[in-house]
1. Could you list which residues have their amide H under 5 Å from that of GLY587, counting only those 5 or more apart in sequence or on another chain, with H placed in the peptide plane?
2. In terms of the Cα gyration tensor, with a ≥ b ≥ c the square roots of its eigenvalues, is the range 511-592 rounded because a/c is under 1.5, prolate because a/b exceeds b/c, or oblate?
3. Using only helices, what value at 222 nm comes out for the chain when you add -39,500 (n - 2.57) per DSSP H run of length 4 or more and divide by the total residues, to the nearest 500 deg cm²/dmol?
4. Give me, ordered by chain and number, the residues 5 or more places off GLY416 or on other chains with an amide H under 5 Å from its own placed amide H.
5. Report the semi-axes of the equivalent ellipsoid for the range 331-483 in whole Å, largest first, where each axis is √(5λ) for an eigenvalue λ of the Cα gyration tensor.
6. For the pair ALA540/PHE520, report the inter-label distance in nm, with labels modelled 7 Å from Cα in the Cβ direction.
7. Per residue of the range 459-476, what does 6.51 cos²θ - 1.76 cosθ + 1.60 with θ = phi - 60° give for ³J(HN,Hα)? Whole Hz please, x for Gly and Pro, Karplus curve as stated.
8. Got a sec to turn the phi values of the range 402-419 into Karplus ³J(HN,Hα) couplings, 6.51 cos²θ - 1.76 cosθ + 1.60 with θ = phi - 60°, whole Hz, x for Gly and Pro?
Amino acid sequence: MDAILSGFLNCLEPLHLVTMLLSVVLGVIVGALPGFGAATGLILVLPLTYSMDSSIALVALVGVYAGAEYGGSISAILLNTPGTASAVVTAFDGFPMAHEGRPREALLYSNVASTIGGIVGGLVMLIFLPVLINFAFLFGAGEIFFMALLGLTLIGTVSNGDLPKGISSIAIGILLSTVGADATSGVPRFYFNSNSLFSGIPNIPVMLGLFSLPFLMQGIISRRPDAQQVHFPAAGMRDNARLFCRTLREVLGRMKIIVLRSSLMGILIGIIPGVGATVSTFLAYSTAKDSSPTPERFGKGAPEGIVAPESANNALVGGSLIPVLSLGIPGSPAAAVFMGAIFMHGMMPGPSFMEHEPVLVYTVVCAVIVASLLQFVLGMCGIGFLANILRVPLHFLVPAVIAVCAIGAYSMRGIGFDIELFVLFGILGFFFVRMNYSISAVMLGMILGKITEVSLVEAINISASRGGLWAYFTGRPLSIVLFAVFVVYLAYVIVSGYRRGRKSRDMAKDEASLRIPTLFQGMRRCDFGMGCLLLACGAALTPEALSYPDNSRIFPLLALGLLFAGSAAVCLRALFMPGAYAGAVDGPFASIMGPRAAVMFAFVVVYTAVMLLVGFYFSTLLFVLVMSLYIRRLRGSRLEGRMLFVRHAAFSFVYTLALWFVFSEIFLLQMPGRLTL
């Protein structure tokens, strides 16, 4: 008790409070930058803490960690461009709510839920730290495998109501996770003799491409002129105060069970090394949707769809630090950087750290709670300013966000090839979205694929000396429980998918007046063509997968099997279930202007290519200037007059200069003079 009290008083010292406030501000900014995230923020701050007292240094890192996890939701809500991988789920309902003209409300739900999640995580950590240490020991390769499998069954939540396409989407994500050297044996797979692909495809460029480019382009290429316009009234301090009180009342009243359940999920999953925040946010979102009396509202701006993942996300901060402090085991990249800071200050994380530095341990624990409160205050003060980002004219906003996404894609590995991946997956994401394939399922498969494969291969290797894989799984009680949960939830996904399909068929019968397209019309034609294309891609990759050694080919073959199953189901539906396409005569591309879409994506491709010749910043200056002028002309503004050109040129120059100052001078990020092929 004395250690807890001393740790709490340490956090309330003026120097600790000021340090935490500044670090939370930095964390929120870094987290909101697409592709950066908590680990990047901690790496940036780590050298600055070398000369600090160990207590102040660890408090600063906690502030950056907590702030970054919250900050990722800001860009997810306002721009549908998640700042962190765990904020992908927040975009499902945060962006639709903001697009309805309620960005302040969406940001408030995120801020309140993140704060409560962080506080609950800190309190559980404070009270049950010794018990939770033993919980981490229960998870071996088998338990982590079933946890990851359970995450993959969330396909029913993220499949856009189309289970066959959801299966195909998650299979594509799993296949992407197998590209590069096998994590357990080092065997190179699907890398096509490219050095840049040998180490695999990183998540960040794929995430930024899939989520940002298709939606940034929507307002420009749509046939509806107001497709991406966001209209919301100006609000004063009194209006914001009323909105805050209503939001707080809803979260603590109607949604209190969701917040508590999601927070507990976050901290428990955070304790398990190697599982990560994405699993906790998907599980929290799926559970909130399945338990809701109105699940059809999810994905369309449901407040619960923001509160659940944000509560889990910030509660995970405390959970992920438990194995670091008590066992010396980092469960995530951010936790690994935090553990490095402990080493840097001459201490050894683990049981001896808990025994010899109890005050410092509880200072870190209390800092999680205090940082969450500071993040709440900062979020409240900045909500009005952040919401006004949506008032920025589209002709300035689109090229500006694309440039920042390019920096985010490059920042993780420091190779220009990742910018190319960002553009490639942006184009693929456009087609996925139009064809109703789930980009969320692609990301889910990509993130969980690697975790699932590594844990499965580890379980196979361990089981070789324990009577086989089945004996290994059944010999561990927690594995049996998780396996049972997995089977029950998988059955629920299959049954609910069947019921949704039967309901849609019944609705199609009722709508007898709706025209049913032929096999060569509308969405039916596109589904059949896309299904055949994916089947052909799977057939082309199968001989390559069969050539790998036993353990290295298990997962690629499983992913290809899923791809065959999902794509074959799509093709069979297009051939033999025409009623499923009643009314879909126009097809997925009828609502957009094809030539304009081609020009917009050509701008992005040329922007990437010009970097080969003139470097990042000069190409960005030209890109922002030319694209902003082009979009302005498309949206009906006249380009006559020198002042208009001067205004766009001034914005492009100032914006590029700001990018250079922030990322090259402050963050010391050296952008490429040319791209690596």
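Any read-out appearing in this document is the output of simple, stated calculations on the displayed coordinates, not a laboratory observation. From a predicted model like this one, the values you see are computed outputs, not experimental measurements. Don't worry about glycine lacking a Cβ; one is built from the backbone with ideal geometry, like all the others, and counts go over all protein chains shown.
1. When sequence neighbours closer than 5 places are left aside, the close amide H contacts are MET523.
2. Numbers: a/c = 3.93, a/b = 2.93, b/c = 1.34.
Prolate, because a/c is 1.5 or more and a/b exceeds b/c.
3. Numbers: 28 runs with 494 residues, N = 677.
About -24500 deg cm²/dmol.
4. THR676
5. 38, 31, 17
6. Spacing of the two 7 Å Cα→Cβ label points: 2.5 nm.
7. 5, 5, 5, 5, 5, 4, 9, 10, x, x, 5, 5, 5, 5, 5, 6, x, 10
8. 4, 5, 5, 4, 4, 5, x, 5, 6, 5, 5, 10, x, 10, x, 4, 5, 5
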